[in-house]
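Participant: There's a structure below that I have some questions on.
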Amino acid sequence: MNYFVKRVGFMAITVFAVCALTFFLVNLIPGGTAELIIKHTIVGIEDSVTKEQLEQISSRYNLNDPLYLQFYTWVKKAILTGDIGTSYVFKKPVLYLLALRLPATIQLAGASMVLAAVAGISLGIYSALRENQLSDHILRVATLFGVSMPGFWVALILILIFSLKLKLVPVSGYGNLENLFLPAVALSLHSVAAVMRITRTCMLETMGQEYIMFAKSKGLPMWKIVSRHALKNAMLPIVTVIGFQMGSLLGGAVVIEKIFAWPGIGSLLVDSISARDLPMIQGCVLAIVTMFLVVNFIVDIIYTHLDPRIRYG
């Protein structure tokens, strides 16, 4: 119980720090917030803004107050009422817009995480069982490629091959597996490589243990040795990497969603930054950070089931 309380407190402090940093960094961007709001909602990007319009918008959104006072007002309202603001551009509550976009982001990140875990662990086991053979060398080179290539470049290559050349799947869209395939593969490639590398390393270390040698001497099939003994004892570092990769997936989703026109929080965040829609930016960052912290908390709980020796006090 003490651990749970401490962990929740740590998560709250982390969320507060990230929100504060986001708020002040956004306000350091050149250009007036009031002017950008007017150009995106009233007069248009290319039109000029009058002094009266600036005063009206600044007064409506309290933009003339000092930054620390603006942030204090936002935090107070969020804690007391649960209201984290209304979008300057969309004119709707931030929580409502997040609720519309959250399922798409969860679907993309979840599919990418499943793909990364299944493919990464499977390829890592395969590579470990064929140590220093040709297939092992090929997979190790492939992991270097997967770790090194930026997500946006991978996304463009996938679009070029599978959409424009082979015409197997659409470039963009949302709602079915065909639309999900390319974004999930592009987003998960880096994580697949990372999970595969740690799985191979852990499996090689575990397969050299005495109890594995004893299982082999008993004549147990290799699939039983791997599934019932080696993999179970190698899972702790693998689960750790998978948990950390979830953060990479949520961060990478910002770019991938924009490239594939995926209607998630990532693409909403990019649009909000370009419009300097501060309440929407705060809401998107808050959602992404919260999801990352919750995933890592779940990973800590899984630890206790994988290794009963671990106890949190």
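Participant: By the scheme Lys and Arg +1, Asp and Glu -1, what is the net charge of all other residues having a beta-carbon under 13 Å from that of L156?
Facilitator: On the way: positive: K165, K258; negative: none.
Around L156, the surrounding residues sum to +2.
Participant: Return the single residue from V195, V49, V89 with maximal mean-square fluctuation; model: Gaussian network over the chain, springs between Cα atoms under 10 Å.
Facilitator: Maximum among the listed residues: V49.
Participant: When I265, I106 are ordered from fewest to most other Cβ atoms inside 10 Å of their Cβ, what list results?
Facilitator: Least to most surrounded, the residues fall as I106, I265.
Participant: Can you pull a Stokes-Einstein diffusion coefficient for region 2-94 at 37 °C (0.692 mPa s), Rh from Kirkwood over Cα pairs, as a whole number of µm²/s?
Facilitator: For these conditions, the coefficient is 215 µm²/s.
Participant: Roughly how many debye, to the nearest 20, is the charge dipole of region 2-94 about its Cα centre, given +1 on each Lys and Arg Cβ, -1 on each Asp and Glu Cβ, and no other charges?
Facilitator: 540 debye
Participant: Nearest 500 deg cm²/dmol is fine: what mean residue ellipticity at 222 nm does the chain get from its DSSP H runs of n ≥ 4 alone, each adding -39,500 (n - 2.57), divided by its residue count?
Facilitator: Numbers: 12 runs with 226 residues, N = 313.
-24500 deg cm²/dmol, from helical runs alone.
Participant: If the only charges are +1 at each Lys and Arg Cβ and -1 at each Asp and Glu Cβ, what is the size of the charge dipole of region 161-241 around the Cα centre, to the nearest 20 debye?
Facilitator: So the dipole magnitude of region 161-241 works out to roughly 240 debye.
Participant: Going Cα to Cα from K224, which lysines come in below 19 Å? Please leave out same-chain ones fewer than 8 positions away.
Facilitator: Cα-Cα hits under 19 Å: K216, K232.
Participant: Among L28, Q56, I38, whose Cα projects farthest towards the positive end of the dipole of region 2-94, with charges put on the beta-carbon of Lys, Arg (+1) and Asp, Glu (-1)?
Facilitator: The residue sitting farthest along the positive end of the dipole is L28.
Participant: While we're here: Using only the Cα atoms of the chain, what semi-axes does the equivalent ellipsoid have when each is the square root of 5 times a gyration tensor eigenvalue? Give whole Å, largest first.
Facilitator: 45, 25, 14
Participant: For the chain, set up a GNM with springs between Cα atoms under 10 Å and report which of N233, N296, N176 has the largest fluctuation.
Facilitator: N176
Participant: Please report T143, T81 as a ranked list, fewest other C-beta atoms within 10 angstrom at the top and most at the bottom.
Facilitator: Listed from fewest to most nearby Cβ atoms, that is T81, T143.
Participant: For Cα pairs less than 8 Å apart in space and 6+ apart in sequence, what is the mean separation divided by the residue count of region 2-94, i.e. the relative contact order in percent?
Facilitator: 19 percent
Participant: Sticking with this structure for a sec: Over the chain, what relative contact order in percent results from Cα pairs under 8 Å that are six or more residues apart? Let's see the in-between values first.
Facilitator: Values: 343 pairs, mean separation 78.1, N = 313.
Relative CO of the chain lands at 25 percent.
Participant: Follow-up. How would D277, D136, D65 line up from fewest to most surrounding beta-carbon atoms within 10 angstrom?
Facilitator: In increasing order of surrounding Cβ atoms, one gets D65, D136, D277.
Participant: Of the peptides 51-59, 218-226, how do they stack up when ordered by the mean number of other Cβ atoms within 10 Å, highest first? Can you show the working numbers first?
Facilitator: Working: 51-59: 13.8, 218-226: 12.1.
The peptides rank, most packed first, as 51-59, 218-226.
Participant: Long-range amide H contacts for T86: which residues qualify at under 5 Å (H placed 1.01 Å from N, peptide plane, sequence gap of 5 or more or a different chain)?
Facilitator: HN-HN under 5 Å from T86: V94.
Participant: Under a straight-distance cross-link criterion of Cα-Cα below 29 Å, which lysines are reachable from K51, leaving out those fewer than 8 residues away in the same chain?
Facilitator: Leaving aside lysines fewer than 8 places away in the same chain, those within reach of K51 are K39, K91, K92.
Each value in this text was obtained by applying a stated rule to the coordinates, not by laboratory testing. It should be emphasised that the depicted structure is a prediction, and the values quoted were computed from it without experimental measurement. Virtual Cβ from ideal backbone geometry, glycine too; neighbours counted across all protein chains shown.
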